[in-house]
Amino acid sequence: AIIVVGTPGLDEVSISGKSQAWDCRLGTITQLEIDPRDLGIRVVDYSAIPGGTLDENVRIFQSLIRDGTPHAVRDLVSLNVAAAFWCYGTVQSLTDGYALSCELLDRGAVRERFVLFRTVASRDRSR
């Protein structure tokens, strides 16, 4: 597991500044600092990142998987997915995880999986 506190006090890795993280894998706790600039991500003021109500967030997600979302949203999501990939052991570094996340979005793999998920979920609800 990774415990993260992002700027400005978020419960996720932030693109608004450095994030403090504690890597709790392998029976030890290691503190690290995650700076989005180290991955080539531009720092963006948190208030400039869209989000809000459920309906707004649904529209933002749909835009993200269609490659029509603001870069800040894409960067924020991709950085947090990178942390999940790294924590799970899918990649060896946050840099590799960020690249993989961006690649999956770019080639439409995230959209394809989401469509599959919706199809299966709709079928299960109709039973």
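General remarks:
- Given (1) in contact with a Lys or Arg (Cβ under 9 Å, 6 or more places away or on another chain); (2) at pLDDT 95 or above; (3) not charged (D, E, K, R), number of the condition Ile65 does not satisfy: (2)
- Among all residues of the stretch 16-34, there is at least one that is at positive phi and open to solvent by less than 50 Å² (accessible area, probe 1.4 Å).
Each row is one residue, and each column tells you yes or no for (1) at pLDDT below 95; (2) of a type outside the set (Phe, Trp, Tyr).
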residue: Val5; (1), (2): no, yes
residue: Gly9; (1), (2): yes, yes
residue: Lys18; (1), (2): no, yes
residue: Ala21; (1), (2): no, yes
residue: Leu26; (1), (2): yes, yes
residue: Ile29; (1), (2): no, yes
residue: Leu39; (1), (2): no, yes
residue: Tyr46; (1), (2): yes, no
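- Unique residue being of a type in the set (Val, Ile, Thr) and within 15 Å of Gly6 (Cα to Cα) when the list is Val44, Val91: Val44
- Test: residue in the stretch 91-103 that is of a type in the set (Val, Ile, Thr), modelled with pLDDT of 95 or more and more than 18 Å from Cys24 (Cα to Cα): yes
- Restricting attention to the stretch 1-15, the residues being surrounded by 11 or more Cβ atoms within 10 Å (Cβ to Cβ) and either touching a Cys at 6+ places or on another chain (Cβ under 9 Å) or farther than 19 Å from Val81 by Cβ (or both) number 3.
The values are calculated or read from the model by the stated rules, or taken from the named source; none is laboratory data. Given the structure is predicted, the values throughout are model-derived calculations rather than measurements. Here Cβ is always computed from backbone atoms with ideal geometry, including for glycine, and neighbour counts include all displayed protein chains. Surface accessibility is based on the protein's heavy atoms, side chains included, excluding ligands, DNA and RNA. Shrake-Rupley method; radii C 1.70, N 1.55, O 1.52, S 1.80 Å.
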